[in-house]
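To start, the structure itself, in structure tokens.
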């Protein structure tokens with residue numbers, strides 16, 4: 001009788017401990033699954049995976065008059081925005097955000113570049129483009145290649161734009177998204193507006209981590 005009481009005295013706390021342990025393990029597993037789902041959701045936003053488009057060889061001219069093509073994006077993470085220097089709102093706002101993004105990320109990564117591609121090459125001369133990108137950051141790159149060229153970035157990425165050139169001081173309707181090309185020259189992601197510093201940095205780091213793991 002005493003032996004049974006003694007055994008039960010130790011058995012009840014042991015069972016209680018196992019219940020608590022099982023409950024804790026179940027909560028931890030549930031929490032990790034929730035975190036993984038959230039992480040996958042954050043990564044998947046705008047991600048072109050598992051079939052990112054391979055960027056083909058192209059040739060353009062940068063704001064310094066130098067040839068800019070595949071060699072200049074190979075091995076780098078490229079943030080690409082399409083706009084024009086006479087844009088009254090979307091372009092200057094986005095470029096201002098990209099200044100903060102670029103300066104933040106380059107403190108941690110050495111393979112980041114920001115590229116502004118004009119969709120208004122008739123007005124955006126080399127001199128005008130140079131003045132524009134240098135105003136934001138002297139490391140930014142401005143491209144003034146003809147959008148209609150077969151392998152231009154405009155055509156490869158599929159950027160739609162429209163302008164009524166019959167009017168003086170015409171505006172150009174264009175995409176407000178930022179596109180990301182990875183070091184293997186793959187179109188990896190589209191970052192949709194509204195553009196905010198913390199949001200873009202978080203998206204990029206999640207995307208980079210995901211791509212580095214997948215190879």
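The values are calculated or read from the model by the stated rules, or taken from the named source; none is laboratory data. Worth saying up front: this structure is predicted, and the values here are computed from it rather than measured. Heads up, the Cβs are rebuilt from the backbone with ideal geometry, glycines too, and the neighbour counts pull from every protein chain shown.
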Residues (at pLDDT below 95 and within 23 Å of the chain's Cα centre (by Cα)) located in segment 120-144 | 144
Using the structure shown, decide if residue 86 is more than 20 Å from residue 190 (Cβ to Cβ) and modelled with pLDDT of 95 or more.
-> yes
Residues in segment 117-174 that are assigned to a helix (DSSP H, G or I) and either loosely packed, with under 13 Cβ neighbours inside 10 Å or not assigned by TED's automatic domain parsing to the domain that holds residue 188 (or both): how many?
-> 1
Report yes if some residue within segment 188-196 is without any contact (Cβ under 8 Å) to a residue 60 or more places away in the chain, under 15 Å from the mean Cα position of the chain (by Cα) and surrounded by fewer than 16 Cβ atoms within 10 Å (Cβ to Cβ); otherwise report no.
-> yes
Scanning segment 85-98 for residues that are in contact (Cβ under 8 Å) with a residue 40 or more places away in the chain and either under 17 Å from residue 180 (Cα atoms) or assigned to a loop (DSSP other than H, G, I, E, B) (or both) gives 85, 86, 87, 88, 94, 95, 97, 98
